[in-house]
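Q: To start, I am sharing the structure in question, which I have written as structure tokens.
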């Protein structure tokens, strides 16, 4: 029971934080796409 | 049959029983910090709120500035109350203020009232930020005397993560509930208050304080570990009369000032320096926010191995070296080098926040570390207001002087080196706290 509460507690914060990180990674992805600078303007 | 708040919320009610697993406390701390960290994402409401209230974006941004100033002031003023009342009562008070502030901001949209926004989100919400910031941190420091850097890093990482969650959540809600002239900001703010209520109350229910004299099983404090680490106790009223307190105030203020400018200017900076699109510039801001969050945990955990003074030396020396590299990266068009340098700089900016409570605990003990931390946070408020003005002002003056936009940031980078240099000197001057400031008896 104690272990379950421990796991659920960590999941409660890890899931939203993980979602936030995933959103930021998605936002950052254009940085790593090898699109020529001239065509981005 | 009167309701006694202390029975449920007081310090005694949160004292852990024997056998309590201390690893249950970090999720409680992170939950609260993750919510109040939303303040970093307030900028996503700038345009919608300006449209709804019929005011300008800078007028809306005043709410953010007030919130940050109130964060520092409330942490400083209520720090002793926080220590006395315990983390649960403080977290509940933080919830009432912060989520109340979000609801008042929603009402401000309903009544098109800028003062309600400034008073609600700025003043009331800002008080919630201050209370919610210090209580979980001081609690974790007490639970993890063997790894205080890692413990404070976890909580303050949650604060950095709050922006990562708060921005896309607000945008998603506004997209879903906005229609035509309605930006959806009112519904988004109301729903965010509801969602954050769940997380903050979860934190308040889960949090516990260790019993007096509790120590982790098998852990023995190392007497010879470092002269800076004390087992004595210094009260908040005495701590802020010590030179060490003010040296750390300068350390935090310089560290924050040096990072906050880059964070705020990230997108524009990459666009102006490397001629990339706004989308790529936005991606850069996204990348930095991940490093801002991760650096809090990683560097702060490293400080448990290196010692706090040494790790701040790394932040300042490495930070200045990286800043000095940026103009060269721009001149040679080396975008990858620029990204690596700025990502590392921002990781150390976040780390500065995360490591400072452990540094305070080393110097002043755990007795009133939350209250001392609260007073030190005024350095952050100061840096948050002064830093961007200084950086924007210097950049604008360089552009006005005819310097090309791509090169106009170089002066700013060298200014950051100077700020970090001041921080380094302050850090090097830190010595153990004199015995005259230590408490003779502590309950």
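Q: Order the peptides B:212-220, B:150-158 from the highest to the lowest mean number of other Cβ atoms within 10 Å of their residues.
A: Descending packing order for the listed peptides: B:150-158, B:212-220.
Q: Can you sort A:10, B:380 from fewest to most other Cβ atoms within 10 Å of each residue's own Cβ?
A: A:10, B:380
Q: For B:17-30, what's the mean count of beta carbons from other chains sitting within 10 Å of each residue's beta carbon?
A: Average neighbour count from other chains, rounded to a whole number: 3.
Q: Can you give the convex hull volume of the alpha carbon atoms of region B:236-433 per residue, in Å³?
A: 106
Q: Please rank B:270, B:429, fewest neighbouring Cβ atoms within 10 Å first, as an exposure proxy.
A: Exposure proxy ranking, most exposed first: B:429, B:270.
Q: Hey, another quick one. If you count, for every residue in A:2-15, the Cβ atoms of partner chains within 10 Å of its Cβ, what is the mean?
A: 4
Q: Just check the protein assembly as shown against the gyration tensor rule for me: Cα atoms, a ≥ b ≥ c as the square roots of the eigenvalues, rounded for a/c under 1.5, and otherwise prolate or oblate depending on whether a/b exceeds b/c.
A: Note, shape of the protein assembly as shown comes out oblate.
Q: With runs of 4+ DSSP H residues as the only contributors, calculate the mean residue ellipticity of the protein assembly as shown at 222 nm using -39,500 (n - 2.57) per run, divided by the residue total and rounded to the nearest 500.
A: -25000 deg cm²/dmol
Q: Based on the mean of other Cβ atoms within 10 Å per residue, sort peptides B:88-100, B:61-73 so the most packed one is first.
A: Most protected by this proxy first, the peptides run B:88-100, B:61-73.
Q: Also, quick follow-up: Return a whole-number percent for the relative contact order of region B:236-433, with Cα pairs under 8 Å and 6 or more residues apart as the contact set.
A: Result for region B:236-433 is 42 percent.
Q: Which of the three applies to chain B, rounded, prolate or oblate, going by the alpha-carbon gyration tensor with a ≥ b ≥ c and a/c under 1.5 meaning rounded?
A: oblate
Q: Mind giving me the FRET efficiency for residue B:15 and residue A:11? R0 is 35 Å, r the Cβ-Cβ distance, nearest 0.05 is fine.
A: Efficiency computed from Cβ-Cβ geometry: 0.85.
Q: I'd like to know how region B:10-206 sits against the 2.2 N^0.38 Å rule of thumb: what's its Cα Rg over that expected value?
A: 1.04
Q: Which order do the peptides B:366-375, B:44-53 take when ranked by the mean count of other beta-carbon atoms within 10 Å per residue, highest first?
A: Taking the mean over residues of other Cβ atoms within 10 Å, the ranking is B:366-375, B:44-53.
Q: Let me ask something else. For region B:46-77 and region B:169-224, what is the centre-to-centre distance using only Cα atoms, to the nearest Å?
A: A separation of 20 Å, based on Cα centres.
Q: Just tell me how shielded B:285-295 is by partners: mean number of partner chain Cβ atoms within 10 Å of each residue's Cβ, no decimals.
A: 4
Quick note: the coordinates plus some simple rules give every number you see, no bench work behind them. A quick note: this is a predicted structure, and the numbers were derived from the prediction, not measured. Using ideal geometry, Cβ is built from the backbone for each residue, glycine included, and neighbour counts are taken over all protein chains shown.
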